[in-house]
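Dumping the structure here so I can ask a few things about it.
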Amino acid sequence: MLELPFNRPLDFEPSVACEAPGEAHWLVFRGDQLLVEMGPLERPSDDLRVRARPAWACLPLQKNHNWLGGQAVRCLYLGVLQGKQIWAAELPPEAPAPGEMSWQGLRTLFTVLDDAHFALAGRALQLIDWDRTHQFCGRCGARTEPHRTERVRVCPACKLSAYPRVAPAVMALVKRETQLLLARSPHFPPGMYSALAGFVEPGESLEQCLAREVEEEVGMRVGNTRYFTSQSWPFPHSLMIAFVCDWVSGEIRPQAGEIEEANWFEVLQLPKLPSKISIARKLIDAVVDEMKSTNDV
Ligand SMILES: [Zn+2]
């Protein structure tokens, strides 16, 4: 089992209801920014979207449950990590950071914040977004209510249940002899290439999704599909499921609008790759290591 950022920490016990709110670590968001106590900005990141990172950062630890003083738009109990309660809250868009704290984008805090807290921040970001967008019933429009023991909002009028949404997406790394197929989406930072990826459609399996995505995005057929691992991805609410597969036939034909450029790269001459925050990098690194260890390259 590979450890990846955003997957549930092993010693975290999720829960919905808290009988006695007490001392807790707080995941407070304003939009997609997290409230942290942090040191000076100095270290660069391997994520091209992050220019500067703090030397260190930590979550506010508060004894008083009402420390936000009624500012919070919503407040959710997440559970217990290492004996400490974990709470999530959302503040209004213009809310100033209290005291010596500051607002930081989540990507900036990768490896700077405690790993377990970083993972729970990804969970909190998704749950806050779900809570915000499911205040009213999607069927009859009545105001929904949180369930007491389950993470679900229920409509009191028509009983429709709204669970947190998770959108599965398949990632495919295509191999051909000593080469890997890597592509650029138009929204990638300059020079960066990654494996192919796409969302699962209603009515298809993961393997069917993979075959369709590869065909649509680069016009190829692949086979020998092997599962790698999966990662929760909170931007905004995905589950990334990664596979390795072998090229079977077809020449590169990039899909207009989706793929800016796609190329075969020699394993020993790879371009700029995604940050270690993502499963894409873990997948590419693992396949490269395997090919090197078996002297395929
Ligand atoms: Zn309803």
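The values are calculated or read from the model by the stated rules, or taken from the named source; none is laboratory data. Bear in mind the structure is a predicted one, so any value in this text is a computation, not a measurement. In this analysis, Cβ positions are derived from the backbone assuming ideal geometry, glycine residues included, and neighbour counts consider all displayed protein chains. Protein only, heavy atoms only, side chains kept; ligands, DNA and RNA dropped before computing areas. Shrake-Rupley method; radii C 1.70, N 1.55, O 1.52, S 1.80 Å.
Roughly what % antiparallel, to the nearest 5, for the DSSP beta bridges in segment 168-297?
Working: 24 of 33 bridges.
Percent antiparallel among DSSP bridges in segment 168-297 is about 75.
Would you mind counting up the charge near Ala262? Only other residues with Cβ under 11 Å from its Cβ, with Lys and Arg at +1 and Asp and Glu at -1. Mind dumping the intermediate values first?
Details: positive: Arg184, Arg253; negative: Glu217, Glu251, Glu258, Glu260, Glu261.
Summing Lys and Arg as +1 and Asp and Glu as -1 gives -3.
While we're here: Over the chain, average the accessible area per residue using a 1.4 Å probe and give it in Å², no decimals. Could the numbers behind the result be given before it?
Working: 14940 Å² over 297 residues.
For the chain, the per-residue accessible area is 50 Å².
Averaged over every viewing direction, what's the projected area of the C-alpha convex hull for segment 191-249? Give it in nm², one decimal, please. Numbers along the way, then the final one.
Numbers: hull surface 19.7 nm².
Quarter of the Cα hull surface area: 4.9 nm².
Leaving out ligands, DNA and RNA, and with a 1.4 Å probe, what % of the accessible surface on segment 1-142 is carbon or sulfur?
Carbon-and-sulfur percentage of accessible area, whole number: 51.
Next question. Once every DSSP H run of n ≥ 4 in the chain is given -39500 (n - 2.57) and the sum is divided by its residues, what mean residue ellipticity at 222 nm do you get, rounded to the nearest 500 deg cm²/dmol? Show your work: numbers first, answer last.
Values: 3 runs with 47 residues, N = 297.
That comes out to -5000 deg cm²/dmol.
Once the Cα atoms of helix 279-293 and of the chain are each reduced to a long axis, what angle between those two axes, in degrees from 0 to 90 to the nearest 10, is obtained?
It is inclined by approximately 40 degrees.
Also, I was wondering about something else. Per-residue counts of other Cβ atoms within 10 Å, averaged by peptide: what ranking do you get for 105-117, 169-181, 44-56, highest first?
Details: 105-117: 18.6, 169-181: 20.2, 44-56: 15.0.
Output ranking for 105-117, 169-181, 44-56: 169-181, 105-117, 44-56.
Hey, can you rank 282-290, 237-245, 156-164 by average C-beta count inside 10 Å, highest first?
Details: 282-290: 17.6, 237-245: 20.6, 156-164: 13.0.
Packing proxy ranking, top to bottom: 237-245, 282-290, 156-164.
Going 7 Å from the Cα of Cys158 toward and past its Cβ, which residues in segment 123-149 have a backbone nitrogen under 16 Å from where you end up?
Once the point is set 7 Å along Cα→Cβ of Cys158, 134-145 turn out to lie under 16 Å by backbone N, inside segment 123-149.
Expressed as a rounded percentage, what relative contact order does segment 117-201 have, with Cα pairs under 8 Å and six or more residues apart? Working shown, then result.
Values: 97 pairs, mean separation 16.1, N = 85.
Across segment 117-201, relative contact order equals 19 percent.
Could you order the peptides 128-134, 228-234 from most to least packed, using the average number of other C-beta atoms within 10 Å per residue? Don't skip to the end; give the middle numbers.
Details: 128-134: 17.6, 228-234: 19.4.
So the order, starting with the most tightly packed, is 228-234, 128-134.
Hey, got the Cα dimensions of the chain along the principal axes, in Å, largest first?
60, 51, 33 Å, listed from the longest principal axis down.
Can you give me the Kirkwood hydrodynamic radius for segment 1-114, using every pair of distinct Cα atoms, in Å to one decimal?
Hydrodynamic radius (Kirkwood, Cα only) of segment 1-114 equals 15.2 Å.
Under a Cβ-only charge scheme (Lys and Arg +1, Asp and Glu -1), can you give me the dipole magnitude of segment 62-195 about the Cα centre, in debye to the nearest 20? Please list the in-between numbers first.
On the way: 16 positive and 10 negative charges, 102 e Å.
Computed about the Cα centre, the dipole is about 480 debye.
Quick check for the chain: number of Lys pairs with alpha-carbon distance under 23 Å, counting only pairs 8 or more apart or on different chains?
Eligible lysine pairs with Cα atoms under 23 Å apart amount to 9.
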